[in-house]
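Reading through the structure tokens given below for one structure.
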Amino acid sequence: MARLIGCVTTSHVPAIGRAIDKGLQEEPYWKPFFDGFKPVHRWLDRARPDVAVVFYNDHGLNFFLDKLPTFAIGAASQYVSADEGWNIPTVAPFTGDPDLSWHIINSVVAADFDITTCQEMVVDHAVCNPMALLWPGCGADGERPWPVRIVPVEINTVQFPLPSAARCYQLGEAVGRAIACYPRDLRVLVMGTGGLSHQLDGERAGFINKEFDREFMASLTADPAWATKYSTVELVEKTGSQGVELIIWLAARAALGGGAREVTASYHIPISNTAAGIMLLEPAS
Ligand code: DHB
Ligand code: FE
């Protein structure tokens, strides 16, 4: 049977892709952020996942405002990396796992989630940067291939109405249940990308809420459904109009299920306009 081995959540700021391309990891601006991944790398070396189920939000690359599903799951055999306009380098394509994708799709539709299925899907910085952060030296031309296959699970955090935090949590639980009953011997990592607090435009551009971010991060081990009590508007007020991406962390955490133990966490302000958070959780038992 497939086994959920852990959950990594991280910010996905586009500038990370440029910093990796230019080798700026040791520069004073970037070092505290990149250092936060060192314990994650050590854990991945031991944990050796086969597949990553990546909860993320598309930023106008695969979907645009004219047609924007609330939830979409990839069922492609390959996902090509592309840039929707940040001028960041692309990375090597990711290999998919269509059989696991369809298993998850069938399971969540049977659980009454009306999702969009994507047999073709291009992925933006919200998939590519977290993958490059977790597996440095992989994926770029001439380097090592990505060591995991991926299943992208896309959540709309771009155009209102957004799914509620509570609904994202339920979707995560349904995806987690699907993985847990998948009858192939796979080690599955769950990833959630986006957040934490940030606002890119408007009167509150540059808004960051350290107290809320910290409370949210602590809740993911102590009381994982804590943030589901907030409405979308409340979350935008507390975290900024792009900080609401943290509902994706909630979905990923819910997929892990049950109790969780924090392996490592780091929080650094700012990376670009964003409060950059990283967490790695393992199942408690
Ligand atoms: C930034 C953060 C994001 O999450 C994003 O999607 C784009 C830009 C930023 O802080 O620059
Ligand atoms: Fe984003």
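The values are calculated or read from the model by the stated rules, or taken from the named source; none is laboratory data. Computed from a predicted structure; not experimentally measured. Virtual Cβ from ideal backbone geometry, glycine too; neighbours counted across all protein chains shown.
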Quiz item: When you go through Val109, Val54 one by one, which is the residue that is over 20 Å from Gly194 (Cβ atoms) and of a type in the set (Val, Ile, Thr)?
Solution: Val109
Quiz item: Out of curiosity, is Asp112 of a type in the set (D, E, K, R), in contact with a Ser or Thr (Cβ under 8 Å, 6 or more places away or on another chain), surrounded by fewer than 18 Cβ atoms within 10 Å (Cβ to Cβ) and in a loop (DSSP other than H, G, I, E, B)?
Solution: no
Self-check item: Subset of the range 266-285 that is more than 19 Å from Gly172 (Cβ to Cβ) and of a type in the set (A, V, I, L, M) - its residue that is farthest from ligand 2 (Cβ to nearest atom)
Solution: Ile269
Quiz item: Can you spot a residue in the range 231-244 that is within 16 Å of ligand 1 (Cβ to nearest atom) and farther than 27 Å from Phe160 by Cα?
Solution: no
Practice problem: Could you list all residues from the range 197-224 that are among the aliphatic types (A, V, I, L, M) and touching a Lys or Arg at 6+ places or on another chain (Cβ under 9 Å)? | Solution: Leu220
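Residues are listed down the side, and each one gets a yes or a no for (1) within 13 Å of ligand 2 (Cβ to nearest atom); (2) at pLDDT below 95; (3) surrounded by fewer than 16 Cβ atoms within 10 Å (Cβ to Cβ):
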position: Glu173; (1), (2), (3): no, no, no
position: Glu203; (1), (2), (3): no, no, yes
position: Phe207; (1), (2), (3): no, no, no
position: Glu215; (1), (2), (3): no, no, yes
position: Ile248; (1), (2), (3): yes, no, no
Exercise. May I ask you to list pairs of residues, at least six apart or on different chains, whose Cβ atoms are under 6 Å apart, with the first in the range 1-22 being away from ligand 2 (no atom under 11 Å from the Cβ) and the second being small (Gly, Ala, Ser) and in a strand (DSSP E or B)?
Key: Thr9/Gly192
Quiz item: Listed residues Ser164, Ser219, Ser197; which is surrounded by 15 or more Cβ atoms within 10 Å (Cβ to Cβ), in contact with a Gly (Cβ under 6 Å, 6 or more places away or on another chain) and hydroxyl-bearing (Ser, Thr, Tyr)?
Solution: Ser197
Quiz item: Which condition number does Glu27 fail, the rest of (1) more than 16 Å from ligand 1 (Cβ to nearest atom); (2) surrounded by 13 or more Cβ atoms within 10 Å (Cβ to Cβ); (3) more than 16 Å from the chain's Cα centre (by Cα) being met?
Solution: (2)
Quiz item: Hey, does the range 161-170 have a residue that's within 16 Å of ligand 1 (Cβ to nearest atom), closer than 20 Å to Lys238 by Cβ and of a type in the set (A, V, I, L, M, F, W, C)?
Solution: yes
Exercise. Identify all residues within the range 92-102 that are in contact with a Phe, Trp or Tyr (Cβ under 7 Å, 6 or more places away or on another chain) and surrounded by 20 or more Cβ atoms within 10 Å (Cβ to Cβ); write none if there are none.
Key: Phe94, Gly96, Leu100
